[in-house]
1. Take the range 3-28 and flag every residue that is assigned to a strand (DSSP E or B), of a type in the set (A, V, I, L, M, F, W, C) and within 15 Å of the ligand (Cβ to nearest atom).
2. Suppose we keep only residues that are assigned to a strand (DSSP E or B) and free of Cβ contacts under 8 Å to residues at least 40 places away in the same chain within the range 78-94. Which one would you say is nearest to the ligand (Cβ to nearest atom)?
3. List every residue pair whose Cβ atoms lie under 6 Å apart, where the two residues are 6 or more positions apart in sequence or sit on different chains, the first residue falls within the range 1-14 and is closer than 11 Å to Val214 by Cα, and the second residue, located anywhere, is modelled with pLDDT of 95 or more and within 11 Å of the ligand (Cβ to nearest atom).
4. Looking at (1) at pLDDT 95 or above; (2) closer than 23 Å to Arg147 by Cβ, which is the one condition that is false for Ala209?
5. Checking the conditions here, which among Phe153, Phe162 is within 16 Å of the ligand (Cβ to nearest atom) and surrounded by 15 or more Cβ atoms within 10 Å (Cβ to Cβ)?
6. Any idea which of Glu113, Glu103, Glu135 is away from the ligand (no atom under 16 Å from the Cβ), more than 23 Å from Ile48 (Cα to Cα) and over 19 Å from the mean Cα position of the chain (by Cα)?
7. Spot the failing condition for Arg182; the list is (1) crowded, with 20+ Cβ neighbours inside 10 Å; (2) closer than 22 Å to Gly27 by Cα; (3) away from the ligand (no atom under 16 Å from the Cβ), and only one is missed.
8. Which one is surrounded by the most Cβ atoms within 10 Å (Cβ to Cβ), of the residues in the range 32-57 that are of a type in the set (D, E, K, R) and out of contact with any strand residue (DSSP E or B) (no Cβ under 7 Å at 6 or more places or on another chain)?
Amino acid sequence: MLTDSHCHLCDMKGYSLNPQITYFTCGYSHETNINTINAYANTPKKNIRILLGISPYNIMKNEKKEDGLEDEWIEFIRKNANEKNIVGIGEIGIDYQYGDTQEKRAGMKKGFEKMVGLTEKLNLPVVAHSRKAEEDVIGILCAHDVRFVLHCFGGTLEQAEFAIENGKDVLISVPPIRSKERKKIIRRIDLSHLATESDAPYIGKTPEATAESVRQIAEYKEMETGEVEKNVLENMERVFE
Ligand SMILES: [Zn+2]
């Protein structure tokens, strides 16, 4: 049984659901939030759990608002957040690779802070994106009373350890790509703080690519893949109780 802590089923037309996977599918814009709810709100919660979010790209693109967020988008999330199989807020985050001006960066940060504040009020967990922005993302999340998953974590071991020590309940999510730092992180971070993901269709082509995240953890921790799968599912259930 695979657990895909982060994918975008709304962008995978024609994909047939695999009963061997538990999906945490994320919206990342007003439009994809609506599409995801329309497509999956009535599937059993056991198989598909929905998160609603506004990604840093969408915040950056919306130049009409200082924090990049339209009231209508927020209202939609607020209205639906405690419904059916909607279990959290994501994809939200900060991406300084794409924010090339101070103004854009400040806007993304403001938008992210607003989304995390909303999540705290809604009493939900977060799936967060960060690129070249780990300090700000982890700092903001740890300053709030929220459990969170750092999706496709690309920061350092020290940053991962800081997040786990200072956050409410934190998972470091392993994508299906290997790196030297990720190997170090998997070796040093306790299995109870790891998650697996595909980020399909963007990093992995389909959620089945989560099997490669499981293989990395099994290999570096010298465990059976079945044991890894069992533990990462328990971790996600704990954070998204
Ligand atoms: Zn994503």
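1. If we filter the range 3-28 for residues that are assigned to a strand (DSSP E or B), which is where we start, we get 3-7, 21-26.
Next cut, of a type in the set (A, V, I, L, M, F, W, C) only: 7, 21, 24, 26.
Within the range 3-28, Cys7, Phe24, Cys26 meet the criteria.
2. Once the filter is applied, the top-ranked residue is Ile92.
3. Going by the 6 Å Cβ cut-off, the qualifying pairs are Asp4/Glu197; Asp4/Ser198.
4. Checking Ala209 against (1) at pLDDT 95 or above; (2) closer than 23 Å to Arg147 by Cβ, the one that fails is (2).
5. Details: Phe162 fails: within 16 Å of the ligand (Cβ to nearest atom).
Being within 16 Å of the ligand (Cβ to nearest atom) and surrounded by 15 or more Cβ atoms within 10 Å (Cβ to Cβ) holds for just one of Phe153, Phe162, which is Phe153.
6. Working: Glu113 fails: over 19 Å from the mean Cα position of the chain (by Cα); Glu135 fails: over 19 Å from the mean Cα position of the chain (by Cα).
Of Glu113, Glu103, Glu135, the one residue that is away from the ligand (no atom under 16 Å from the Cβ), more than 23 Å from Ile48 (Cα to Cα) and over 19 Å from the mean Cα position of the chain (by Cα) is Glu103.
7. For Arg182, the failing item is (2).
8. So, considering only residues that are of a type in the set (D, E, K, R) and out of contact with any strand residue (DSSP E or B) (no Cβ under 7 Å at 6 or more places or on another chain), the one surrounded by the most Cβ atoms within 10 Å (Cβ to Cβ) is Lys45.
The values are calculated or read from the model by the stated rules, or taken from the named source; none is laboratory data. Owing to the predicted nature of the structure, the values given are computational and were not obtained by experimental measurement. Virtual Cβ from ideal backbone geometry, glycine too; neighbours counted across all protein chains shown.
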